[in-house]
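I have placed the structure first, in the form of structure tokens, so that the comments after it can refer back to it.
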Amino acid sequence: MKPTAPFIAFLLAAAAVAQDRPIAVINARLIPIAGAEVPSGTLLVHKGKIIAAGATVTIPPDAERIDAAGKTIMPGLVDTHSHIGGISGADGSGPIQPSVRVYDSLNPFDPGFGRARAGGLTAMNIMPGSGHLLSGQTVYVKPRPISRGKDPNTAGPTIEALFIRDAAGKPMGGIKMANGTNSIREAPFPGTRAKSAALVRENFIRAQEYKAKLAAAKKPEDAPPRDLGLEALVEVLDGTRMVHHHTHRADDIMTVLRLQKEFGFRVVLHHVSEAWKVAPEIAAAKVPCSVIVVDSPGGKLEAAELSWTTCAVLEKAGASVAIHTDDWITDSRLFLRSAATAVRAGFSREGALRSLTIEGAKMLDLADRIGTLEAGKDADFVILSGDPFSLYTKVEQTWIEGVKVFDLADPADRLFATGGFGAGNAVVPYMCCAEHARGEEFGQ
Amino acid sequence: MKHVMLASVAALSLQLALPATAQVAIKAATLHTMSPSGTISDGVVVITNGKIAAVGKSAETPIPAGYTVIEGAVATPGLIDSRGTVGVSGILNQKQDQDQLERSSPIQPELRAIDAFNPADRLVEWVRSFGVTTIHTGHAPGELISGQTCVVKTTGRPIEECTVLAVATVSATLGPWSEKGGSASPGTRAKQISMLREELLKTQDYAKRRERATPANAGDEEKDRPPADRNLRSEAMLRVLNREVPLLITANRAQDIGSALRLAKEFNIHIILDSGAESYLLIDDLRAAGVPVILHASMARAVGDMENASRETAATLTGAGIPVAIQSGYESYVPKSRVVLFEAAQTAAHGMTFDQALAAITTAPATILGIADRVGSIAVGKDGDVAIFDGDPFEYTTHCTGVVIEGRVVSDTVR
């Protein structure tokens, strides 16, 4: 195989070594998210973790110093909704397929990961599409450069190298659900909204029964036969697997809240084009929202009344707000821009910064590990040339767990940031509905 | 004369709908005229009866009594979207509002954009609220020759009242976007070019037949008589062959751009390169051919034929002296339209100067589309089209605070 430019870029990036010496990034403006901005301070990291961040940090004598005067440092960006990696999910055989895992389709060599690093993203929830009521299990990853198996911390050039694992070593992820028109299709899919809700309720009732049987089994041999789909739904009922729910129209949002109340699962509402109409209800339900910001309303009926003010309205109502890329709907390299656009429409600057970091981390159950510049957290951060919400600001460096994974000064990395010859070879992901439009109209 | 009458009807109707008068002055702390007057501090634009009557420094440019005065931090010429489908490919993306592509045949240059444009589509209002006052819209890329394009103002008034150019270009597409499956043609790149050559040869024959039917020495009466074999398709292509209307060729791969240049040379037609993702590979050829580029949206997805798109292409082409305009393009899903203000902004963050980026959505498209006598700059005698902002128009958190078209305030939404 002739090595492609992105492939070579991965090899170069893989040369990054585990962090033996402490690194002190000094003289930078710090936006720690936790606490006030520091006009000029130090970020000290060691062995992949943040040791300290602040105006007065004692720098160990053996530390490598990086002068970041004039630069701005903030936590690595957390994207709660992405489709990069050439993913697929459930197939056309049915509307509810909880046994399907998105990571069994992920290509870690997809240039989307390079672009994500160029955009300052350090954690993301990669999901299957919205053409199903339930299209499968999502996966939380970091876009670490793929090693060739030499790094003992990774498992080589496979998706395992990107996983974020829980305390038991299990890859973390949620489950993707959707309502509204994307999942209303020809049989065996539901034909109406009411049928959509009925099918979801039936499946959760089966899961409740399965869970009860598991609990009633005194000995392993009394347990019901393993059922991969029901096992995943039991995790949802137990609250250990978050529901990430695509939903646009105000009444569809209310349907999610109704089902959430009935079954008690934990849920993040995604996209929420019409959340501005039902913000008090969302806030009262204490359900967080992950919002998409796109350059115009429309493109589908449910997004015809999409408003840039959604983040501001939700914030005012007291709801937790994150923003996502939905990459390739918006480009990971423009993630900061999405939040800036929400600021343009009235979202507070502080809220917008949180929406790119800690609020997303909470929605992925990772708030104790990422999302702020605080001692003990993963050393995931970005170095910006200026203010996060300025057009003219560049992501200059992206660091994950104390390793520099993107450097605008490196030509191989820069290719991902700007595009150009050889930057492509992207694998277009499977996604409901967009796929039809894409294939039909623009032949991609 | 006819045009003036139409314009006054439009003015009357707008007057009913909007409180603003036709006599408007704009005061801006920074006025980017995009004309030889350059950028003026504390500038004033006076618009009388729809046309710009005076431009200059505030101290030296009196505003006549009774004029509505709009103030802002920054003013620019009304922005021009050099290539989109707004008003033709509607906001809802449902069958009933999608008129950008007719699939019945791969070559249909007779399809007029003015018969498809819906000025009431909400996307017209959306782009207008960001200062876009003129749009080059119509048939989308996606068929070998998909139809015509037109240039309209974003007033929202009926096509008869908002048209700047009824026929701006005939739209052609090379590469996979216009390839068909199965046994349908064109199924390959080579077939695309052979079909276009056949079409232009047929048009040459048509021209000869018409010339024979109406010899040059014919009397006026004879000349006015329609030719015996009127044919809308050939009539549309004849205008291309006669260099009256450019062929807008959408091509992204360098090889397709090369084919477009070859075709233009063979038939001596005027072409504009549309999209042009890999145009940076053919700088010398484009410059030698004198072909301007209406470049893809900066934030267009870099997939498929556009996988090698670069955010620095506008700067590269501009640096090489090739005229470049930035377009919103055609979007088949979400977002249903891009906004050229934001697309040009990205070029300002990737190698273009502020003035170069602003030119790519004002003077450059005006020149490329042949409408620079009316729009694209703030100068005496031009249409009174102005966009007003509360800061650097390109900056993410700046707002467009007002939009004026031909002296009428058409938007005061702060967005």
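With a cut-off of at most 13 other beta carbons within 10 Å, and DSSP calling the residue loop, which trypsin sites (Lys or Arg not before Pro) in segment A:214-254 qualify? Please list them.
A:218, A:226
Determine, from the Cβ-Cβ distance of residue B:265 and residue A:421 and an R0 of 25 Å, the FRET efficiency 1/(1 + (r/R0)^6), rounded to the nearest 0.05.
Calculated value: 0.50.
Across segment A:244-258, in residue order, what do the Karplus-derived ³J(HN,Hα) couplings come to in whole Hz, using 6.51 cos²θ - 1.76 cosθ + 1.60 with θ = phi - 60° and x for Gly and Pro?
9, 10, 5, 6, 10, 6, 4, 6, 5, 4, 5, 5, 4, 4, 5
Nearest 10 degrees is fine. How inclined is helix B:254-267 to the longest principal axis of chain B, computing both from alpha carbons?
Tilt of helix B:254-267: around 70 degrees.
Separation between the residue B:105 and residue B:204 pseudo-spin-labels, each 7 Å from Cα along Cα→Cβ, expressed in nm?
For residue B:105 paired with residue B:204, the spin-label model returns 2.2 nm.
I need the phi-derived Karplus couplings for segment A:277-288: 6.51 cos²θ - 1.76 cosθ + 1.60, θ = phi - 60°, integer Hz, Gly and Pro marked x.
So the Karplus estimates, Gly and Pro as x, are 8, 10, 4, x, 5, 5, 5, 5, 6, 6, 9, x Hz.
Cβ under 13 Å from residue A:271's Cβ, residue A:271 left aside: what net charge do those residues give with Lys, Arg +1 and Asp, Glu -1? Before the final figure, lay out the partial values.
Numbers: positive: A:176, A:249, A:300; negative: A:252, A:274, A:302, A:305, A:326.
So the surrounding residues net to -2.
Considering every residue in B:385-397, what mean count of other chain Cβ atoms within 10 Å of its Cβ is obtained? Present the calculation step by step, with values, prior to reporting the outcome.
Numbers: counts 0, 0, 0, 0, 0, 0, 0, 3, 0, 2, 6, 16, 12.
Across the residues of B:385-397, the mean count of other-chain Cβ atoms within 10 Å is 3.
In nm, to one decimal, how far is the modelled label at residue B:191 from the one at residue B:212, with both set 7 Å along Cα→Cβ?
Result for the modelled spin labels: 3.2 nm.
What's log10 of I(q)/I(0) for segment A:5-442 at q = 0.07, 0.10 Å⁻¹, Debye sum over Cα points only, no solvent?
One equal scatterer on each Cα of segment A:5-442 leads to -0.33, -0.68.
When a footprinting reagent is the concern and you count Cβ atoms within 10 Å, what order do B:199, B:125 take, fewest first? Let's see the in-between values first.
On the way: B:199 22, B:125 17.
Ascending Cβ contact count within 10 Å gives the list B:125, B:199.
For residue B:56, what residues show an amide H to amide H distance below 5 Å, using hydrogens built from the backbone and excluding near sequence neighbours?
B:44
Students often forget the sequence filter, so: which lysines lie under 17 Å Cα-Cα from residue B:208 once same-chain residues fewer than 8 apart are removed?
Of all the lysines, those that pass the test against residue B:208 - Cα under 17 Å, at least 8 places apart if same chain - are B:223.
Using θ = phi - 60° and the Karplus curve 6.51 cos²θ - 1.76 cosθ + 1.60, what whole-Hz ³J(HN,Hα) does each residue of segment B:393-400 get, with Gly and Pro shown as x?
Result, ordered by residue: x, 8, 5, 4, 9, 7, 10, 7 Hz.
Output the 0 to 90 degree angle, nearest 10, between the alpha-carbon long axis of helix A:193-216 and the longest principal axis computed from the alpha carbons of chain A.
Result, in degrees: 80.
Taking 0.36 nm per residue of separation and subtracting the Cα-Cα distance, what length does fully extending residue A:21 through residue A:223 add?
Working: separation 202, 0.36 × 202 = 72.72 nm, distance 5.08 nm.
Gain on stretching residue A:21 to residue A:223: 67.6 nm.
Around residue A:235, what is the net charge, scoring Lys/Arg as +1 and Asp/Glu as -1 over all other residues with Cβ under 15 Å from its Cβ? Intermediate values should be presented prior to the final figure.
Values: positive: A:101, A:170, A:176, A:206, A:211, A:226, A:241, A:266; negative: A:166, A:227, A:231, A:238, A:365.
Counting the neighbours of residue A:235, the net charge comes to +3.
Looking only at the protein assembly as shown, where both bridge partners belong to it, what percent of the DSSP beta bridges are antiparallel (to the nearest 5)? If you can, show how the numbers build up before the last one.
Working: 70 of 126 bridges.
Percent antiparallel among DSSP bridges in the protein assembly as shown is about 55.
Could you list which residues have their amide H under 5 Å from that of residue B:325, counting only those 5 or more apart in sequence or on another chain, with H placed in the peptide plane?
So residue B:325 has HN proximity to B:293, B:294, B:295.
Any chance you could give the angle, 0 to 90 degrees and rounded to 10, that helix A:228-238 forms with the longest Cα principal axis of chain A?
Rounded to the nearest ten degrees, it is 70.
How crowded by other chains is B:323-334, given as the mean number of beta carbons from other chains within 10 Å of each beta carbon? Intermediate results must be reported in sequence, preceding the final value.
On the way: counts 0, 0, 0, 0, 0, 2, 1, 2, 8, 10, 14, 19.
So the per-residue partner count for this stretch is 5.
In the structure displayed, which of A:71/A:404; B:57/B:382; A:195/A:362; A:142/A:211 lie more than 25 Å apart, Cα to Cα? Don't jump to the answer; show the numbers that get you there.
On the way: A:71/A:404 16 Å; B:57/B:382 18 Å; A:195/A:362 32 Å; A:142/A:211 32 Å.
Beyond 25 Å: A:195/A:362; A:142/A:211.
Anyone know which of B:288, B:120, B:349 comes out most mobile in the 10 Å Cα GNM of chain B?
Maximum fluctuation in the GNM of chain B, among the listed residues, is at B:288.
Stretched out fully, how many nm does the piece from residue A:350 to residue A:254 gain, at 0.36 nm a residue minus the Cα gap? Intermediate results must be reported in sequence, preceding the final value.
Working: separation 96, 0.36 × 96 = 34.56 nm, distance 2.78 nm.
Contour length minus the Cα-Cα distance gives 31.8 nm.
Under 1.5 on a/c is rounded, so check that first for chain B, then, if it is not, pick prolate when a/b is larger than b/c and oblate when it is not; a ≥ b ≥ c are the square roots of the alpha carbon gyration tensor eigenvalues.
Details: a/c = 1.84, a/b = 1.41, b/c = 1.31.
Note, shape of chain B comes out prolate.
In terms of modelled amide H atoms, which long-range or inter-chain residues lie less than 5 Å from the amide H of residue B:147?
Excluding prolines and chain starts, which carry no amide H, the hits are B:108, B:171.
Local charge sum around residue A:128 (other residues, Cβ-Cβ under 12 Å, Lys/Arg +1, Asp/Glu -1)?
Numbers: positive: A:101, A:176; negative: A:91, A:104.
That works out to 0.
Rounded to the nearest 500, what is the protein assembly as shown's calculated 222 nm mean residue ellipticity when only DSSP H runs of at least 4 contribute -39500 (n - 2.57) each, over all residues? Show your work: numbers first, answer last.
Details: 24 runs with 237 residues, N = 859.
Taking each H run of at least 4 residues, the total per residue is -8000 deg cm²/dmol.
Test of understanding: ordering B:97, A:413, A:251, A:327 by Cβ neighbours within 10 Å, fewest first, what list do you get?
Details: B:97 19, A:413 22, A:251 14, A:327 26.
Least crowded to most crowded, the residues run A:251, B:97, A:413, A:327.
What is the order of B:306, A:127, fewest Cβ neighbours within 10 Å to most? Don't skip to the answer; put the middle values down first.
Values: B:306 23, A:127 30.
Listed from fewest to most nearby Cβ atoms, that is B:306, A:127.
Residue B:60 to residue B:287: extension gain in nm, 0.36 nm per residue of separation minus the Cα-Cα distance?
That works out to 77.5 nm of additional length.
Values quoted throughout were computed directly from the atomic coordinates according to the rules given, and no laboratory measurement underlies them. The structure presented is a predicted model; accordingly, all values stated were derived computationally and were not measured. We place every Cβ from the backbone using ideal geometry, glycine too, and count neighbours over all the protein chains shown.
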